[in-house]
């Protein structure tokens, strides 16, 4: 960490610029002066964009929304690390004090066949939505709201489910995986529901369909490199991948359909 | 919920469809995939076949180490194996099947994995992976080539150019490893096997879903320990032969040099 309030930094950026999904992109170099160490990474890009607009150039497109690390929209490959050098931190929560004055940063979009670049640093993550659509839900009868604690859930199960549910779907796992696999995302969604009683009736079908959709989207396979776990801003554990593997094995071999597994524990 | 599901299946499921085809997700037809059709399933098959070969390797290493117990011991072991056709051929068939599936599904996944990222990063920094994991697709084929050579050398006796005995496997090994390039090649391949196993042994547990917070650290330790035993055990053989600690059996018999210490019937020095 260097720099403090009052001092400003000079940062050199190499940013991937790509007009649209069809055209080829290239890296463009920008010098950004007067960067406050207190700026977030995205604020630094905002400042650069303001200057670009002022010069009549097209601003750099990047995804962002809540800017408080909970929505999963932002995500940049910064110097070869998804979400940059701070562990357990989204790009929006990364601050320029994590860099040194004069640093040269290479900013790339997530790279995966299933995440086509739409423009500059924006990728299409609809593949994640389709994985969720394939089974990342529980079917419930709607009607009168049930009592909050009607279904009792053991503390350890609730904790495990919550740890998995912390996934914000940013796609850093895919970006960091040497195989471009979405195993961590898919596993988090499968085991989030798999830890809970509400997730049991559809558990086998969920595992089967979600992994089928994962594969269909063109994501790679898990080779247990653990890169995803290392960059995940929500610190989702690869223990979820092991649980997904158990579910997929059961779902595609011994489980005839969900009848056999409904109401089962973990 | 169940009623809804039953209605859905009755409404859309094609009658007598063996793969239980049903329509979900706004018209997307989803087939119930078999295990080996999923990335997870392919990995599971790679893991299981890996475990089979790993189990064989442990036995093979222990068998090899009998060379330190003298020619008659390891030759008897070899004779035992060759006279137990069911064991010998059973092992060969299982291993051939395992290695075929292991290679087939590894290649299938390797293709899928490289297709998953058509445009590489300009900068990429590994955060957690290691050399062993990154080089699995390279150590694998080299080990496969080594196995072919190893079988050509000590099973088919087609290489290298020295007289091979059908019964004296001890001498076959000792004369072979007295050739420096051959011994070096074996040692190099054992080190590669070590990296392959270091990642593979840990990885198969994860792929098969063997994961528990209390024992997760143990997985790395087990992988490192067993790999270490196999690699050190196997490398110790060419090293001992090159260092002259393990000598050809004929030489051992001829060692009737009066200046040497007392010998047993095979000419080995006995402790006294």
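Conditions tested, residue by residue: (1) part of a loop (DSSP other than H, G, I, E, B); (2) within 14 Å of another protein chain (Cβ to nearest Cβ); (3) buried (at least 19 other Cβ atoms within 10 Å of the Cβ).
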{"position": "A:128", "(1), (2), (3)": "no, no, yes"}
{"position": "A:147", "(1), (2), (3)": "yes, no, no"}
{"position": "A:161", "(1), (2), (3)": "no, no, yes"}
{"position": "A:170", "(1), (2), (3)": "yes, no, yes"}
{"position": "A:179", "(1), (2), (3)": "yes, yes, yes"}
Exercise. Looking at residue A:32, is it touching a helix residue (DSSP H, G or I) at 6+ places or on another chain (Cβ under 9 Å), part of a strand (DSSP E or B) and under 30 Å from residue A:129 (Cβ atoms)?
Worked result: no
Exercise. If you go through segment A:195-209, how many residues are within 7 Å of another protein chain (Cβ to nearest Cβ) and assigned to a loop (DSSP other than H, G, I, E, B)?
Worked result: 1
For this session: Please work out if residue A:174 is modelled with pLDDT under 95 and either in contact with a strand residue (DSSP E or B) (Cβ under 8 Å, 6 or more places away or on another chain) or within 11 Å of another protein chain (Cβ to nearest Cβ) (or both).
Result: no
Problem set entry | Residues within segment B:111-136 that are more than 9 Å from chain A (Cβ to nearest Cβ) and either assigned to a loop (DSSP other than H, G, I, E, B) or surrounded by 14 or more Cβ atoms within 10 Å (Cβ to Cβ) (or both), tallied | 2
Seminar exercise, completed: How many residues of segment A:216-240 are facing chain B (nearest Cβ under 7 Å), in a helix (DSSP H, G or I) and surrounded by 23 or more Cβ atoms within 10 Å (Cβ to Cβ)? The answer is 2
Exercise. If we scan segment A:71-78, do we find a residue that is assigned to a loop (DSSP other than H, G, I, E, B), away from chain B (no Cβ under 14 Å) and touching a strand residue (DSSP E or B) at 6+ places or on another chain (Cβ under 9 Å)?
Worked result: no
For this session: Any chance you could count how many residues in segment B:162-188 are in contact with a helix residue (DSSP H, G or I) (Cβ under 7 Å, 6 or more places away or on another chain) and part of a loop (DSSP other than H, G, I, E, B)?
Result: 6
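Would you mind finding the one in A:212, A:187 that is facing chain B (nearest Cβ under 8 Å), closer than 19 Å to residue B:41 by Cα, assigned to a helix (DSSP H, G or I) and in contact (Cβ under 8 Å) with a residue 12 or more places away in the chain? Outline the logic, then answer.
Details: A:187 fails: facing chain B (nearest Cβ under 8 Å).
Going through A:212, A:187 in turn, just one is facing chain B (nearest Cβ under 8 Å), closer than 19 Å to residue B:41 by Cα, assigned to a helix (DSSP H, G or I) and in contact (Cβ under 8 Å) with a residue 12 or more places away in the chain: A:212.
The values are calculated or read from the model by the stated rules, or taken from the named source; none is laboratory data. All figures in this text were calculated on a predicted structure; none of them were measured in a lab. When we count neighbours, we look across all protein chains shown, and the Cβ atoms used for this are built from the backbone with ideal geometry, even at glycine.
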